[in-house]
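The values are calculated or read from the model by the stated rules, or taken from the named source; none is laboratory data. Worth saying up front: this structure is predicted, and the values here are computed from it rather than measured. Don't worry about glycine lacking a Cβ; one is built from the backbone with ideal geometry, like all the others, and counts go over all protein chains shown. Accessible surface is based on the protein model in full, side chains and every heavy atom, while ligands, DNA and RNA are left aside. Shrake-Rupley method; radii C 1.70, N 1.55, O 1.52, S 1.80 Å.
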Amino acid sequence: MDQKEYSSPLSLRKVQVTDEFWKNEMELVRKEVIPYQWEALNDRIPDADPSFSMRNFRVAGRINEKRRAEGDAYRPVKWPLQFQPLPEDMDHLEERFYGCLFQDSDFSKWIEAVGYSLTQQPDAELEATADEAIDIVCAAQLENGYLDTYYIISDQNQIFTNLRDNHELYCFGHLTEGAVAYYQATGKDKLLKAAERYADYIFSCFGPEEGKKKGYPGHEIAEMALVRLYEQTGEEKYLELSRFFLDQRGTRPYYFDQEQPDRVKKGHEEELRYAYHQAHLPVRQQDEAVGHAVRAVYLYSGMADVARLTGDESLYAACERLWDNMTQKKMYITGGIGATHMGEAFSFNYDLPNDTAYAETCASIGLVFFARRMLQIRADSRYADVMERALYNGVLSGMALDGKSFFYVNPLESLPEACHKDERKFHVKPVRQKWFGCACCPPNLARLISSIASYAYTRSEDTLYVHLYMGSVLECEFGGKKADIRITSGFPWNGRVSVQLKLDEESEFTLALRLPGWCEGYTVNGKPGPGKASEAAEEGMTVKDGYLYLRRSWKDGDSLELDFPMNVRVMEADGRVREDAGKAAVTRGPVVYCMEEADNGRALHRYLLPFDTQITEEKSDVLGVPVVKVFADGLRQKEDAQDGGSRTELYHERRRTEYEKVKLAFIPYFAWANRGEGEMQVFVREK
Ligand code: FUB
Ligand code: ZN
């Protein structure tokens, strides 16, 4: 790996996002999602399943208090470690753990989002609430540093005995991510210290040394969280532990059988079970994205982090192979991944059904994490293109335009009647839900959107990489010289970007600007920019791996105007994707479009998009949110002559189909299902 290309995200405290599009998303998170989630964490949402997250921390804190007060005489109550159904009477709860077993992570994702949000918009009241929440969480921590309320409350003798299913290391990972983010935002280190103590405890329990456990997380995330903790604290042992977890995965004998030897083992089922946890092979030998999709992309993100920090070539090579397999054979056009609801998992290559798609919001979010980490190793626009695709489509579709309801599953085709009546599609919801018993996606959206700038920009010593175009003001310095960089952008609706520099003194550095894969020609200061893999067009201007590098001695007031034309592109899938055969999807710039019943009427399967269609576009809105809509001259298959008459035969001899001309209307996919229940399709039949 070429050392020179490594880069890191900018501190969010040094970036102000001013972008019309993303600022709006961030404001929804700040004003709607964060306060709503705080109510959810405290079980105050009428008609929603209670979260119990803060309650569990409080109960664990009381157990600690009791232990301290009673000393050796303390006899903990033990609760069975099993699924706990929702209590019928919320007024008479027992002093036990309630809710999903990884409910601690709801708090952690919330505090992470709060941290990011505070960097953009100081809010003393929110910060005070967050500090109180942190006090409650820290009071739950055991003397030895352990901090997971499920085991603290239920049975401390069973800590780390079911890594496969019980998410302790997952909750640790989220806690750590939240703690680092909150510290970086506020400078307050109480939660960070708690996370460090917990990490130290885990380090004392796991590792290659004799007597330590040889396990690894059943649900990955600790790998990347430990790297983050290492980067924050400089403590080598956190990086070491992350690498240990990666090295252990896929080894034999299978740790998850050793930890609970009486687990059922049955031939093929067992093989699938390895794959579900990405433990079918040592990670450096893996080349196909398999198993639970969120787990997979969290693992690959951790692998990329460790590969970057340790220069581990074989780990990096595995990341590249997994990336290629996933994005070229297992990814929806929306950046959705994990095609099947069976195990929320990847299916086989090119198996991308539209109407039963799982495409969990968290999985697309994890894909964004992985993409940014690959970019940190090597700026290649292939990664940024996918990151952008996922963000504007499979991620944003997870949240309603008003920020008040969410999708867990993101299908590319929806027929409400099927969602209600067809068991194979019960996982697909025709409208977004207020909240979920397993509420992983909404707070994951909140933490990603509120930290969006850390995906847009990374930097090395002398290069600022712009991976995503969005309006922002960046406070940078190169070679000790201050450089304020102001970017404005019309993305995702137009491709005009301007970059203005405010410098105290002349300064030499490189701006590396991504050339989006969807754009054919582009201009720099009104002149055609060099081709995507070209030689230098003029002094100090080169193109490499889809990035335009401008190396200059910049002066105060220097500016650049870029234009990436956003034309409508009608896309087809590789012929091996059975479900898309004979169909096409409309895209424009980074945005994928869909047809909805609200604009086109019912029976969308009857609509056709001719090859030589005339396409127009129009600045418009969906429920007041500005968008560009696309219209195409299309056809609708006429009702059979016999339909509506007396004939009722289901089948008839082949005859020439009749069509009528119609205007097809497309809206951005992320904006679907905001106008009530109705049909939707991304891929449309072609003629
Ligand atoms: O298991 C924790 C989270 O819940 C996963 O990441 C999601 O897929 C959901 O299953
Ligand atoms: Zn989720």
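Which of the numbered conditions does ASP612 fail, given that it passes all the others? Conditions: (1) surrounded by fewer than 12 Cβ atoms within 10 Å (Cβ to Cβ); (2) closer than 26 Å to LEU28 by Cα.
Answer for ASP612: the failing condition is (2).
Looking at (1) under 19 Å from HIS174 (Cβ atoms); (2) over 25 Å from the mean Cα position of the chain (by Cα), can you tell me which one SER117 breaks?
Exception for SER117: condition (2).
Just wondering, is there one or more residues in region 377-386 that are surrounded by 24 or more Cβ atoms within 10 Å (Cβ to Cβ), within 14 Å of ligand 2 (Cβ to nearest atom) and touching a residue at least 12 places away in the same chain (Cβ under 8 Å)?
no
Restricting attention to region 339-370, which residues are more than 19 Å from GLY173 (Cβ to Cβ) and among the small types (Gly, Ala, Ser)? Before you say what the answer is, go through the steps one by one.
Filtering region 339-370 down to residues more than 19 Å from GLY173 (Cβ to Cβ) leaves 339-343, 345-359.
Listed by number, the residues that qualify are ALA339, GLY343, ALA345, SER347, ALA357, ALA359.
Counting only residues that are assigned to a helix (DSSP H, G or I) and either farther than 11 Å from VAL386 by Cβ or of a type in the set (Phe, Trp, Tyr) (or both), how many does region 325-352 have?
Our first condition is that a residue be assigned to a helix (DSSP H, G or I); within region 325-352, this holds for 325-329.
Of the ones still in play, those that are also either farther than 11 Å from VAL386 by Cβ or of a type in the set (Phe, Trp, Tyr) (or both) are 325, 329.
Residues in region 325-352 being assigned to a helix (DSSP H, G or I) and either farther than 11 Å from VAL386 by Cβ or of a type in the set (Phe, Trp, Tyr) (or both): 2 in total.
Mind listing whichever residues of region 393-405 are touching a residue at least 40 places away in the same chain (Cβ under 8 Å) and surrounded by fewer than 24 Cβ atoms within 10 Å (Cβ to Cβ)? Show your work before the answer.
Taking region 393-405 as the starting set, the residues that turn out to be touching a residue at least 40 places away in the same chain (Cβ under 8 Å) are 393-404.
Hits for region 393-405 are ALA400, LEU401, ASP402, GLY403, LYS404.
So, LYS482, is that one within 15 Å of ligand 2 (Cβ to nearest atom), charged (D, E, K, R) and either touching a strand residue (DSSP E or B) at 6+ places or on another chain (Cβ under 9 Å) or not in a loop (DSSP other than H, G, I, E, B) (or both) or not?
On the way: within 15 Å of ligand 2 (Cβ to nearest atom): no; charged (D, E, K, R): yes; either touching a strand residue (DSSP E or B) at 6+ places or on another chain (Cβ under 9 Å) or not in a loop (DSSP other than H, G, I, E, B) (or both): yes.
For LYS482, the condition - within 15 Å of ligand 2 (Cβ to nearest atom), charged (D, E, K, R) and either touching a strand residue (DSSP E or B) at 6+ places or on another chain (Cβ under 9 Å) or not in a loop (DSSP other than H, G, I, E, B) (or both) - is not met.
State which residue pairs qualify: first residue over 13 Å from ASP106 (Cα atoms) and inside region 165-181, second residue polar (S, T, N, Q) and in a helix (DSSP H, G or I) in any location, beta carbons under 7 Å apart, and separation of 6 or more residues or different chains.
Listed pairs, sorted by first residue: VAL180/GLN232.
Please specify each residue of region 419-434 satisfying the condition of being hydrophobic (A, V, I, L, M, F, W, C) and surrounded by fewer than 19 Cβ atoms within 10 Å (Cβ to Cβ).
Keep residues of region 419-434 that are hydrophobic (A, V, I, L, M, F, W, C), which gives 419, 426, 428, 431.
PHE426, VAL431 - these are the residues of region 419-434 that are hydrophobic (A, V, I, L, M, F, W, C) and surrounded by fewer than 19 Cβ atoms within 10 Å (Cβ to Cβ).
Taking the options PHE83, PHE107, PHE57, name whichever one is crowded, with 20+ Cβ neighbours inside 10 Å and more than 23 Å from LEU448 (Cα to Cα).
The unique qualifying residue is PHE57.
Go through region 292-313 and give me each residue that's more than 14 Å from ligand 1 (Cβ to nearest atom) and outside any helix (DSSP H, G or I).
Within region 292-313, GLY311, ASP312 meet the criteria.
Is it the case that ILE159 is open to solvent by less than 10 Å² (accessible area, probe 1.4 Å), more than 12 Å from ARG30 (Cα to Cα) and out of contact with any strand residue (DSSP E or B) (no Cβ under 7 Å at 6 or more places or on another chain)? Full working, then the answer.
Numbers: open to solvent by less than 10 Å² (accessible area, probe 1.4 Å): no; more than 12 Å from ARG30 (Cα to Cα): yes; out of contact with any strand residue (DSSP E or B) (no Cβ under 7 Å at 6 or more places or on another chain): yes.
Taking the combined requirement at face value, the residue does not satisfy it.
Of GLU112, GLU65, GLU94, which residue is of a type in the set (Asp, Glu) and touching a His at 6+ places or on another chain (Cβ under 8 Å)?
One residue alone meets the criteria, GLU112.
What's the number of the only condition in (1) open to solvent by 10 Å² or more (accessible area, probe 1.4 Å); (2) within 16 Å of ligand 2 (Cβ to nearest atom) that ARG373 fails to meet?
(2)
Of the residues ILE152, ILE136, which single one is outside any loop (DSSP other than H, G, I, E, B) and surrounded by fewer than 18 Cβ atoms within 10 Å (Cβ to Cβ)? First the steps, then the outcome.
On the way: ILE152 fails: surrounded by fewer than 18 Cβ atoms within 10 Å (Cβ to Cβ).
Exactly one residue qualifies, and that residue is ILE136.
Considering each of THR340, THR361, THR356, THR327 in turn, give the residue that is β-branched (Val, Ile, Thr), modelled with pLDDT of 95 or more, open to solvent by 10 Å² or more (accessible area, probe 1.4 Å) and more than 22 Å from ALA584 (Cβ to Cβ).
Details: THR361 fails: open to solvent by 10 Å² or more (accessible area, probe 1.4 Å); THR356 fails: more than 22 Å from ALA584 (Cβ to Cβ); THR327 fails: more than 22 Å from ALA584 (Cβ to Cβ).
Answer to the selection: THR340.
So which residues in region 353-368 are in a loop (DSSP other than H, G, I, E, B) and either within 16 Å of ligand 2 (Cβ to nearest atom) or under 22 Å from ALA384 (Cα atoms) (or both)? Outline the logic, then answer.
The initial filter retains those residues of region 353-368 that are in a loop (DSSP other than H, G, I, E, B), namely 353-360.
Those that are in a loop (DSSP other than H, G, I, E, B) and either within 16 Å of ligand 2 (Cβ to nearest atom) or under 22 Å from ALA384 (Cα atoms) (or both): ALA357, TYR358, ALA359, GLU360.
State all residues of region 276-324 that are of a type in the set (S, T, N, Q) and open to solvent by less than 10 Å² (accessible area, probe 1.4 Å); if no residue qualifies, say none. Steps first, answer last, please.
Within region 276-324, the subset of a type in the set (S, T, N, Q) is 278, 285-286, 301, 310, 314.
Those that are of a type in the set (S, T, N, Q) and open to solvent by less than 10 Å² (accessible area, probe 1.4 Å): GLN278, GLN286, SER301.
Scan region 90-104 and tell me whether some residue there is away from ligand 1 (no atom under 15 Å from the Cβ), open to solvent by 10 Å² or more (accessible area, probe 1.4 Å) and part of a helix (DSSP H, G or I).
Scanning region 90-104, I find no residue that is away from ligand 1 (no atom under 15 Å from the Cβ), open to solvent by 10 Å² or more (accessible area, probe 1.4 Å) and part of a helix (DSSP H, G or I), so the answer is no.
I'm trying to understand the selection: among the residues of region 576-609, which are open to solvent by 60 Å² or more (accessible area, probe 1.4 Å) and either in contact with a strand residue (DSSP E or B) (Cβ under 8 Å, 6 or more places away or on another chain) or in a strand (DSSP E or B) (or both)? Can you show your working first?
Here is the first cut: in region 576-609, the residues open to solvent by 60 Å² or more (accessible area, probe 1.4 Å) are 576, 578-579, 581, 598, 602, 605.
Scanning region 576-609 gives a single hit, HIS605.
Restricted to region 435-464, and to residues that are over 19 Å from the mean Cα position of the chain (by Cα) and either open to solvent by 10 Å² or more (accessible area, probe 1.4 Å) or among the polar types (S, T, N, Q) (or both), which residue is farthest from GLN120 (Cα to Cα)? Even if it seems obvious, please write down each step before you answer.
Looking only at region 435-464, we keep the residues that are over 19 Å from the mean Cα position of the chain (by Cα), and these are 437, 459-464.
Keeping just the survivors that are either open to solvent by 10 Å² or more (accessible area, probe 1.4 Å) or among the polar types (S, T, N, Q) (or both) gives 437, 459-463.
Values: GLY437: 30, ARG459: 20, SER460: 23, GLU461: 25, ASP462: 25, THR463: 24 Å.
Restricting to residues being over 19 Å from the mean Cα position of the chain (by Cα) and either open to solvent by 10 Å² or more (accessible area, probe 1.4 Å) or among the polar types (S, T, N, Q) (or both), the top hit is GLY437.
Go through LYS214, LYS188 for me and flag whichever is away from ligand 1 (no atom under 16 Å from the Cβ), open to solvent by 10 Å² or more (accessible area, probe 1.4 Å) and in contact with a Pro (Cβ under 8 Å, 6 or more places away or on another chain).
Details: LYS188 fails: in contact with a Pro (Cβ under 8 Å, 6 or more places away or on another chain).
Within the list LYS214, LYS188, the selection yields LYS214.
This table checks each residue for (1) free of Cβ contacts under 8 Å to residues at least 24 places away in the same chain; (2) open to solvent by 40 Å² or more (accessible area, probe 1.4 Å); (3) part of a loop (DSSP other than H, G, I, E, B).
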{"site": "VAL499", "(1), (2), (3)": "no, no, no"}
{"site": "GLU505", "(1), (2), (3)": "no, yes, yes"}
{"site": "ALA512", "(1), (2), (3)": "no, no, no"}
{"site": "CYS519", "(1), (2), (3)": "no, no, yes"}
{"site": "VAL543", "(1), (2), (3)": "no, no, no"}
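List, please: which pairs have Cβ atoms under 9 Å, are six or more places apart or on different chains, and start with a residue in region 420-431 that is without any contact (Cβ under 8 Å) to a residue 12 or more places away in the chain and end with one that is surrounded by fewer than 18 Cβ atoms within 10 Å (Cβ to Cβ) and not in a helix (DSSP H, G or I)?
Sorted first by the residue in region 420-431, then by its partner, the pairs are HIS420/PHE426.
Out of all the residues in region 64-78, is one or more within 16 Å of ligand 1 (Cβ to nearest atom) and part of a helix (DSSP H, G or I)?
To start, the set of residues in region 64-78 that are within 16 Å of ligand 1 (Cβ to nearest atom) comprises none.
The answer is no; no qualifying residue exists.
Pick out the one residue from HIS277, HIS268 that is modelled with pLDDT under 95 and more than 16 Å from ligand 2 (Cβ to nearest atom). Break it down into steps so the answer makes sense when it comes.
Working: HIS277 fails: modelled with pLDDT under 95.
None of the other options fit; the residue is HIS268.
Test PHE346 against the stated conditions and say whether it is within 16 Å of ligand 2 (Cβ to nearest atom), of a type outside the set (D, E, K, R), closer than 26 Å to VAL395 by Cβ and open to solvent by 10 Å² or more (accessible area, probe 1.4 Å).
Working: within 16 Å of ligand 2 (Cβ to nearest atom): yes; of a type outside the set (D, E, K, R): yes; closer than 26 Å to VAL395 by Cβ: yes; open to solvent by 10 Å² or more (accessible area, probe 1.4 Å): yes.
In short, yes.
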